[in-house]
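Contents: one structure, followed by commentary.
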Amino acid sequence: MTISELGSLGEFVSSFAVLASLIYLAIQVRQGAKETRLTNVQQMLEASREMMLMTATPETCSLLLKAKDYKSLTEAERLQYRMLRNAQMRNIETAFLMFNEGVLDQQIFDIFSERARFVLAEYPEIVDTGGPYTRDFSVWIRSIRGVLAEKAGGDA
């Protein structure tokens, strides 16, 4: 075998090695992206769980029940209620931003989206009192508030 033939064989073998390396890297990147998504899902669900635990106190449950008639709340209770709802909306905003960046799946985001609808149905003014939210999130929650208002007007 001549040196030229050996060189050609070497190039042939090295092209397979490069191809194998690229395939390996693609697999590693895909696995890394999947692990990142799972970590993000875990973090968002953990934040949601923490929010639920925070609202499960007798004091907060009483406040939420009393807030059904918002006008009956004292000034301090209104502030506490707004802060609670703002904390929930910040949690939802984080999910919204992560979803828009492609690091949170639709299935998980739907959970937070439904929660936003619930909060906005109970307290539509949160849009005006919770800010400043990010621009895209503000547009999104205002659109939800608009849909809820249309439904409420159609039900009347």
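The values are calculated or read from the model by the stated rules, or taken from the named source; none is laboratory data. From a predicted model like this one, the values you see are computed outputs, not experimental measurements. Neighbour counts are summed over all protein chains in view; Cβ atoms, including those assigned to glycine, are modelled from backbone coordinates with ideal geometry. Ligands, DNA and RNA are stripped out before the accessible areas are found, and what is left, the full protein with its side chains, is counted by its heavy atoms. Shrake-Rupley method; radii C 1.70, N 1.55, O 1.52, S 1.80 Å.
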By residue number, the members of the range 20-77 that are modelled with pLDDT under 85 and touching a helix residue (DSSP H, G or I) at 6+ places or on another chain (Cβ under 8 Å) are Asn40, Val41, Met44, Leu45, Ala47, Ser48, Met51, Met54, Thr55
Scanning the range 123-146 residue by residue, those surrounded by fewer than 18 Cβ atoms within 10 Å (Cβ to Cβ), hydroxyl-bearing (Ser, Thr, Tyr) and in contact with a helix residue (DSSP H, G or I) (Cβ under 8 Å, 6 or more places away or on another chain) turn out to be Thr129, Thr134, Ser138
- So is Met83 touching a residue at least 40 places away in the same chain (Cβ under 8 Å) and under 30 Å from Glu125 (Cα atoms) or not? no
Residues in the range 102-149 that are at pLDDT below 85 and acidic (Asp, Glu) total 2
Of the residues in the range 46-66, those that are surrounded by 10 or more Cβ atoms within 10 Å (Cβ to Cβ) and assigned to a loop (DSSP other than H, G, I, E, B) number 1
Given the conditions (1) of a type in the set (S, T, N, Q); (2) modelled with pLDDT under 90; (3) buried (at least 17 other Cβ atoms within 10 Å of the Cβ), every one holds for Thr94 apart from (2)
For the range 70-86 the number of residues that are surrounded by 15 or more Cβ atoms within 10 Å (Cβ to Cβ) and among the hydrophobic types (A, V, I, L, M, F, W, C) is 2
Of the conditions (1) part of a helix (DSSP H, G or I); (2) open to solvent by 30 Å² or more (accessible area, probe 1.4 Å); (3) under 22 Å from Lys71 (Cβ atoms), the single one that Leu120 does not satisfy is (2)
